[in-house]
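The values are calculated or read from the model by the stated rules, or taken from the named source; none is laboratory data. Since this is a predicted model, take the numbers as computed values, not measurements. Reconstructed Cβ throughout: ideal geometry from the backbone, glycine too, with neighbour counts over all protein chains shown.
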Amino acid sequence: MSATSELALFPLSTVLFPGGPLRLRIFEPRYLDMVRRCLKASQAFGVVLILEGEEAGEVVSVAPAGTSARVVDFDTLPDGLLGIDCLGEQCFRVLKRRQQEDGLNIAEVEYLPEDVPCALPGELGHLGELLREVLPQLGERYAHVVARYEDAGWVANRWAEVLPLTTAEQQQLLELADPLARLAQVAAWSTRQPPTAHV
C-alpha cells in the first residue's frame with residue numbers, strides 16, 4: 001500500500017526528477033518560512049509543475065504528480081537572498097491541495113513506488129556513456145548528485161533534465177512509472193536534435 005503524507009508544495013515552472021538537482025532563490029516569506037521548517041525538522045517539500053498561474057503569484061492549477069525535494073545546502077546570495085540547493089527524492093501524486101493564509105500550498109500526497117534499479121539495455125548503453133561526458137560540463141549543478149550511470153531510470157531522469165525538452169514532455173516522462181519506457185522515450189526524443197546539454 002502506498003504511503004500518504006501531508007507536504008508543503010513549492011509550485012514551479014520546472015519539473016524536478018528523483019535524484020536530480022534544484023537550485024532556488026528564496027525571497028517570498030511563505031517559502032522562507034517553509035525552508036526554515038524543513039531544515040529544522042529535516043523534512044522534504046514537494047515540487048510540482050505549475051499548469052496555470054505564476055511562481056511568485058497565485059497558483060491556479062498544478063500537475064497531478066511531482067517530486068519531493070530535500071535541502072542539501074544553502075547560502076546567502078550576493079543580492080542578499082537565500083539560495084538553496086536541493087535534491088529530488090521520490091515521486092508523488094497530489095490527492096488534495098489547500099492554501100494556508102500565508103499563501104503556502106499544502107497537499108495530501110500519495111508517494112509512488114521508487115524505480116526498481118535495472119541495467120541499461122545494450123542498444124541504449126551509449127546514453128550512459130554520453131552522460132558521463134555531459135554532466136561534468138555542467139559545473140556545480142550536479143555537485144550533490146550521486147552518479148549511477150549503469151541504472152536505466154537514473155540515466156533517463158538525467159537526460160530528461162538536460163535535453164531541450166518542453167515542461168509538458170518532462171512531466172510526461174516523470175509520470176512514466178516504468179524506467180525502461182522512460183529511457184526509450186528519452187532516446188526517441190534525443191534523436192530530434194543533437195543531445196547537447198543546456199543549463
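Applying the condition of being out of contact with any Asp or Glu (no Cβ under 9 Å at 6 or more places or on another chain) and among the charged types (D, E, K, R) to the stretch 56-82 and asking which residue is surrounded by the fewest Cβ atoms within 10 Å (Cβ to Cβ) yields 79.
Among the residues of the stretch 125-174, those that are farther than 23 Å from residue 85 by Cα, among the charged types (D, E, K, R) and either touching a Gly at 6+ places or on another chain (Cβ under 6 Å) or touching a residue at least 24 places away in the same chain (Cβ under 8 Å) (or both) comprise 150, 151. For the stretch 69-91, the set of residues classified as over 15 Å from residue 34 (Cβ atoms) and β-branched (Val, Ile, Thr) consists of 72, 76, listed by residue number. Filtered by the rule that a residue be surrounded by fewer than 16 Cβ atoms within 10 Å (Cβ to Cβ) and under 19 Å from residue 175 (Cβ atoms), the stretch 97-109 gives a lone residue, 108. Flag: residue 94 does not match the condition of being within 28 Å of residue 34 (Cβ to Cβ), touching a Ser or Thr at 6+ places or on another chain (Cβ under 7 Å), surrounded by 19 or more Cβ atoms within 10 Å (Cβ to Cβ) and not charged (D, E, K, R).
Listed by position, the strands (runs of 3 or more DSSP E) enclosed by the stretch 1-101 that each have at least 2 residues that are more than 20 Å from the chain's Cα centre (by Cα) and either at pLDDT below 95 or of a type in the set (A, V, I, L, M) (or both) are 59-76, 82-99. Among the candidates 158, 148, 141, the residue that is under 23 Å from residue 89 (Cβ atoms), basic (Lys, Arg) and touching a strand residue (DSSP E or B) at 6+ places or on another chain (Cβ under 7 Å) is uniquely 141. When the test is whether a residue is modelled with pLDDT of 95 or more and either outside any strand (DSSP E or B) or under 24 Å from residue 54 (Cβ atoms) (or both), residue 116 does not pass it.
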